[in-house]
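Undergrad: One structure coming up, written as structure tokens, with questions to follow.
The values are calculated or read from the model by the stated rules, or taken from the named source; none is laboratory data. Computed from a predicted model, the values in this text were never measured in an experiment. Backbone-built Cβ (ideal geometry, glycine too); neighbour counts: all protein chains shown.
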Amino acid sequence: MNEHDSERISGLLEADGMVPAVSEEEADVIVLNTCCIRENADNRLYGALGNLKTLKSEKPELQIAVGGCLAQKDRELIQERAKHVDVVFGTHNVQNAVTLLKKAKTDGPVIEILEEIVEGDYEAFPSALPVRREVDHRAWMTIQIGCDNTCTYCIVPSVRGPEISRPFGQLLEEAKDFALQGVTEITLLGQNVNSYGRDLTKNLKHNDPSDFDIHQAGLAWADNQNRRVKPLFADLLKSVGSLEGIERVRFISPHPKDLTSEIVEAMSASESVCEHLHLPLQSGSDSILSAMHRGYTGERFLEKAREARKGIEDLSLTTDIIVGFPGETENDFTDTLEVVAEAAFDSAYTFIFSQRPGTAAAEMTSEFVDHDIAVKRYETLRKVVNRSALLKHKDRIGRIEEVLVEGKSKKGTDFVTARTRQNKVIHLETNESLKPGTFAQVEVKDATYNYLVGELREIIATPKHRKRIPVMAE
Ligand code: SAH
Ligand code: SF4
């Protein structure tokens, strides 16, 4: 989500006539887009600002801006700790970045943090702004912002606000537009994507839907005799997945408690929706899951995972896990290891619990887990995750897979990096110069726990995207 916000900030600056600088020393404007989900991101901001202080004293006309969710949280504190910052903006006013920079030039330092987005202001959704994408064949599409859940460790609801979905019709238009530009892969973004649309259907006429209602909730909802308040994520997957030119649809992140069979069916029915499900487990202990407010048990998670694997052929399953949540005992941690082993994840992002100000878990100080114990658990967990990842990856050796080329590979000049439909990085050996966006068939030759190695068999399609120049919509 933050990376996507960064693309928008760059897009806005480019639309205003700026060009990317090759180094910090050459830049006229430096924007630090921040994340506050875990404490180390916090610390890195102040370190980075410290480094920029010298640059700013040598070049006073340099403008430094700080945006993102850490700015939303820290507000004035940023300028207090770093007086050389010109602009601080939050998560609800990314669209004002350029105006704020101009204002700061004439009026001096400015802080603008909005508590929430103005209703109906779809410009506040990052996808509605100009963009400067890293690659041209792939696009992110924010389908929803904010989060209505109350996971006790998580700062997102307080810095990104309540859940608001973008109208269904608007998303389809945007996706069609992407397809016309030659984008072949779309990733749907949200904090809880599978509850997408619940808020939209709340305020509609359920008996006799108007054109407005259809734009808000989509044709599938309007055509259904049983029109009710419901999430529309399955409908969205099917609609975006059926657009001509869109070969791959991905999404992050769904919440296990909201993963319905309708979604599994939509994933399996739509050829473009990739066989990859990132389903954050967080913990395998029922008492910790309950203290986290996750709304499922370890067994329920496993049932959902089994159902998804049964319904979607060759599904890759990945997850997020936190160790050292307050009160986590050795037994709780063993439960996590057991669920992780049983789920046989293809990979996992693993974290040590980080105390985030304002969250319920931050108050449970008497139950905090000793840091050394948490580190030990983290290392054990990594071993179990890496073991299943390696097995899953080795299983793919000898297969022919469809990959989408991303660019240069760290493995050397005879390789390019590509991604399989299961979202696995594959270093592809080839002496042909394959442009990013190329689809190819490759044979998997080798595997480690975090990547595959393959050889080119056949090029299926070359990229069709046009290079786009961001345009500011007045
Ligand atoms: N909305 C997404 C999560 C976004 S945050 C979801 O529900 O899956 C990404 C991940 O960061 C979370 O899944 C969680 O594993 C981790 N995380 C969030 N807050 C954390 C905290 N306080 N300490 C450690 N990890 C945390
Ligand atoms: Fe945070 Fe939970 Fe919402 Fe994810 S679902 S953003 S972890 S509160």
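Undergrad: If the Cβ limit is 6 Å and pairs must be 6+ apart or interchain, which residue in the range 140-163 that is polar (S, T, N, Q) pairs with which residue that is more than 10 Å from ligand 1 (Cβ to nearest atom) and in a helix (DSSP H, G or I)?
TA: Thr142/Pro126; Thr142/Ser127
Undergrad: Name the residues in the range 181-227 that are touching a strand residue (DSSP E or B) at 6+ places or on another chain (Cβ under 7 Å) and acidic (Asp, Glu), would you?
TA: Across the range 181-227, the qualifying residues are Glu185, Asp199.
Undergrad: Here is a list of conditions, (1) under 14 Å from Thr448 (Cβ atoms); (2) surrounded by 14 or more Cβ atoms within 10 Å (Cβ to Cβ); (3) assigned by TED's automatic domain parsing to the domain that holds Ile321, and Ile426 meets all of them except one; can you say which number that is?
TA: Checking Ile426 against (1) under 14 Å from Thr448 (Cβ atoms); (2) surrounded by 14 or more Cβ atoms within 10 Å (Cβ to Cβ); (3) assigned by TED's automatic domain parsing to the domain that holds Ile321, the one that fails is (3).
Undergrad: Touching a Pro at 6+ places or on another chain (Cβ under 8 Å) and either in a helix (DSSP H, G or I) or within 16 Å of ligand 1 (Cβ to nearest atom) (or both): does that describe Gln216? Break it down into steps so the answer makes sense when it comes.
TA: On the way: touching a Pro at 6+ places or on another chain (Cβ under 8 Å): yes; either in a helix (DSSP H, G or I) or within 16 Å of ligand 1 (Cβ to nearest atom) (or both): yes.
Spelling it out, Gln216 is indeed touching a Pro at 6+ places or on another chain (Cβ under 8 Å) and either in a helix (DSSP H, G or I) or within 16 Å of ligand 1 (Cβ to nearest atom) (or both).
Undergrad: Can I ask one more? Could you check Ala234 against (1) at pLDDT 95 or above; (2) within 16 Å of ligand 1 (Cβ to nearest atom) and say which number it fails?
TA: (2)
Undergrad: To continue, here is another question. Look at Ala97 and say whether it is in a helix (DSSP H, G or I) and in contact (Cβ under 8 Å) with a residue 12 or more places away in the chain. Explain how you work it out, then say what you get.
TA: On the way: in a helix (DSSP H, G or I): yes; in contact (Cβ under 8 Å) with a residue 12 or more places away in the chain: yes.
Answer is yes for this residue.
Undergrad: Among all residue pairs at least 6 apart or on different chains, which show Cβ distances below 6 Å where the first residue, located in the range 183-198, is among the hydrophobic types (A, V, I, L, M, F, W, C) and the second is at pLDDT 95 or above and within 12 Å of ligand 1 (Cβ to nearest atom)?
TA: Leu188/Phe251; Val193/Phe251; Val193/Pro254
Undergrad: Next question. Among the numbered conditions (1) polar (S, T, N, Q); (2) over 29 Å from Val403 (Cβ atoms); (3) away from ligand 1 (no atom under 16 Å from the Cβ); (4) not in a loop (DSSP other than H, G, I, E, B), tell me where Ser158 comes up short.
TA: Exception for Ser158: condition (3).
Undergrad: Among Ala374, Ala418, Ala440, which is the only one that is touching a residue at least 40 places away in the same chain (Cβ under 8 Å) and not in a loop (DSSP other than H, G, I, E, B)? It would help to see each step written out before you state the result.
TA: Numbers: Ala418 fails: touching a residue at least 40 places away in the same chain (Cβ under 8 Å); Ala440 fails: touching a residue at least 40 places away in the same chain (Cβ under 8 Å).
Only one candidate qualifies: Ala374.
Undergrad: Right, Glu455: surrounded by 17 or more Cβ atoms within 10 Å (Cβ to Cβ) and acidic (Asp, Glu) or not?
TA: Details: surrounded by 17 or more Cβ atoms within 10 Å (Cβ to Cβ): no; acidic (Asp, Glu): yes.
The answer is no for Glu455.
Undergrad: Confirm whether Lys230 is outside the structural domain of Ala348 (by TED's automatic domain parsing), surrounded by fewer than 21 Cβ atoms within 10 Å (Cβ to Cβ), touching a Ser or Thr at 6+ places or on another chain (Cβ under 9 Å) and in a helix (DSSP H, G or I). It would help to see each step written out before you state the result.
TA: Working: outside the structural domain of Ala348 (by TED's automatic domain parsing): yes; surrounded by fewer than 21 Cβ atoms within 10 Å (Cβ to Cβ): yes; touching a Ser or Thr at 6+ places or on another chain (Cβ under 9 Å): yes; in a helix (DSSP H, G or I): no.
Spelling it out, it is not the case that Lys230 is outside the structural domain of Ala348 (by TED's automatic domain parsing), surrounded by fewer than 21 Cβ atoms within 10 Å (Cβ to Cβ), touching a Ser or Thr at 6+ places or on another chain (Cβ under 9 Å) and in a helix (DSSP H, G or I).
Undergrad: Considering Val240, Val193, which residue is within 16 Å of ligand 2 (Cβ to nearest atom) and farther than 30 Å from Glu367 by Cα?
TA: Numbers: Val240 fails: within 16 Å of ligand 2 (Cβ to nearest atom).
Being within 16 Å of ligand 2 (Cβ to nearest atom) and farther than 30 Å from Glu367 by Cα holds for just one of Val240, Val193, which is Val193.
Undergrad: What's the number of the only condition in (1) closer than 20 Å to Phe251 by Cβ; (2) touching a helix residue (DSSP H, G or I) at 6+ places or on another chain (Cβ under 9 Å); (3) surrounded by fewer than 22 Cβ atoms within 10 Å (Cβ to Cβ); (4) modelled with pLDDT under 90 that Glu174 fails to meet?
TA: Here Glu174 clears every test but (4).
Undergrad: Shifting gears a bit: When both residues are 6+ apart or on different chains and their Cβ atoms are under 7 Å apart, which pairs have a first residue that lies in the range 38-61 and is in contact (Cβ under 8 Å) with a residue 40 or more places away in the chain, and a second that is surrounded by 14 or more Cβ atoms within 10 Å (Cβ to Cβ)?
TA: Arg38/Phe351; Arg38/Ser354; Glu39/Ser354; Glu39/Gln355
Undergrad: Moving on to the next point. Test of understanding: among Asn2, Asn51, Asn43, Asn33, which residue is surrounded by 21 or more Cβ atoms within 10 Å (Cβ to Cβ) and not hydrophobic (A, V, I, L, M, F, W, C)?
TA: Criteria check complete, one pass: Asn33.
Undergrad: Criterion first (in a strand (DSSP E or B) and charged (D, E, K, R)) does Glu313 satisfy it?
TA: On the way: in a strand (DSSP E or B): no; charged (D, E, K, R): yes.
So Glu313 fails the test.
Undergrad: Looking only at the range 423-459, how many residues end up being under 25 Å from the mean Cα position of the chain (by Cα) and over 24 Å from Ile186 (Cβ atoms)?
TA: Here the count works out to 4.
Undergrad: Can you pull out every residue in the range 250-295 that is surrounded by fewer than 23 Cβ atoms within 10 Å (Cβ to Cβ), of a type in the set (D, E, K, R) and not in a helix (DSSP H, G or I)?
TA: The answer is Arg250, Glu271, Glu275.
Undergrad: What are the residues in the range 117-162 that are surrounded by fewer than 18 Cβ atoms within 10 Å (Cβ to Cβ), away from ligand 2 (no atom under 14 Å from the Cβ) and at pLDDT 90 or above, if any?
TA: Selection gives nothing.
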